[in-house]
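Shown next, in structure tokens, is the structure this report addresses.
The values are calculated or read from the model by the stated rules, or taken from the named source; none is laboratory data. Nothing here was measured: the structure is a model prediction, and the numbers come from that model. Positions of Cβ are generated from backbone atoms using ideal geometry, with glycine treated the same way; all protein chains shown enter the neighbour counts.
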Amino acid sequence: MNYLTHRLSLCPALSILSVLVFAVLPARGDFLWFKSQEKAKITAPSQLVTGQAPAVINKAAYDKLTSQNISIVVSLSRQRLLVKAGDETAIDSPVSSGKKARPTPTGTFPILQKDPDHHSNVYGNFVDSHGRVVRGGVSALIDSAPSGSHFEGAPMTWFMRLTWEGVGMHVGILPGYAASHGCIRLPSEVAHDLYAKVNVGTVVRVEN
């Protein structure tokens, strides 16, 4: 009898506990679902070009490019690069130029330097002795390295320098709008193919 009374006295407590558990579980489930949706929204860099036509390389015209007939124009308002061999379009590609705070300069620029494995001496990450990022997206000019770390410049593969102040064309993420610190970011295949056809002295025209 005492045993039965004890079991019955536990029922209300167990009922309350069950309600609390099942009230929490959906919330936890919703939270996990929300986090999974957040992760699903992360887009690979190669897919970040939005609202623009993808790059087109006309191989027939590309193969005709020479130092005498090549014409390179970057339109900041259209965020496009146009490379021509005479009157034929060889490359038509999206770009990402300098954002409002650090705009890409306009004008006519001869290529001053070519470096296939260039790294920024201003923007990059602080990394430890094993190469692990301690603090990312830093400026060597204004940020201080945490103890035990050192500055590692951001890669600017297939770099074609336009100014000695650091502006050039190179591989970079293209979010569909002007987002760089002044450089002209290009899709990887476009940067590679353009790099192969230009020389130091090749003129690039940057216009609004």
- Message: For the stretch 152-208: of the residues being assigned to a helix (DSSP H, G or I) and of a type in the set (S, T, Y), which is nearest to G86 (Cα to Cα)?
- Response: Y195
- Answer yes if at least one residue in the stretch 46-65 is in a loop (DSSP other than H, G, I, E, B), at pLDDT below 95 and either over 19 Å from P187 (Cα atoms) or among the acidic types (D, E) (or both), and no otherwise. no
- Residues G148, G182: which one is within 17 Å of V74 (Cβ to Cβ) and modelled with pLDDT under 95? G182
- Can you name every residue in the stretch 185-208 that is at pLDDT 95 or above and over 21 Å from D63 (Cα atoms)? R185, R205, V206, E207
- Residue list for the stretch 181-194, filter: under 20 Å from W164 (Cβ atoms) and surrounded by fewer than 22 Cβ atoms within 10 Å (Cβ to Cβ): H181, G182
- Task: For the stretch 98-107, state whether one or more residues are surrounded by 14 or more Cβ atoms within 10 Å (Cβ to Cβ), touching a strand residue (DSSP E or B) at 6+ places or on another chain (Cβ under 7 Å) and not in a loop (DSSP other than H, G, I, E, B).
- Result: yes
- Message: Name the residue that is surrounded by the most Cβ atoms within 10 Å (Cβ to Cβ), counting only residues in the stretch 154-180 that are more than 11 Å from the chain's Cα centre (by Cα) and at positive phi.
- Response: W158
- Expected output for the stretch 96-122 (first residue aromatic (F, W, Y), partner surrounded by 16 or more Cβ atoms within 10 Å (Cβ to Cβ), Cβ below 6 Å, 6+ apart or cross-chain) is F109/L162; F109/V204
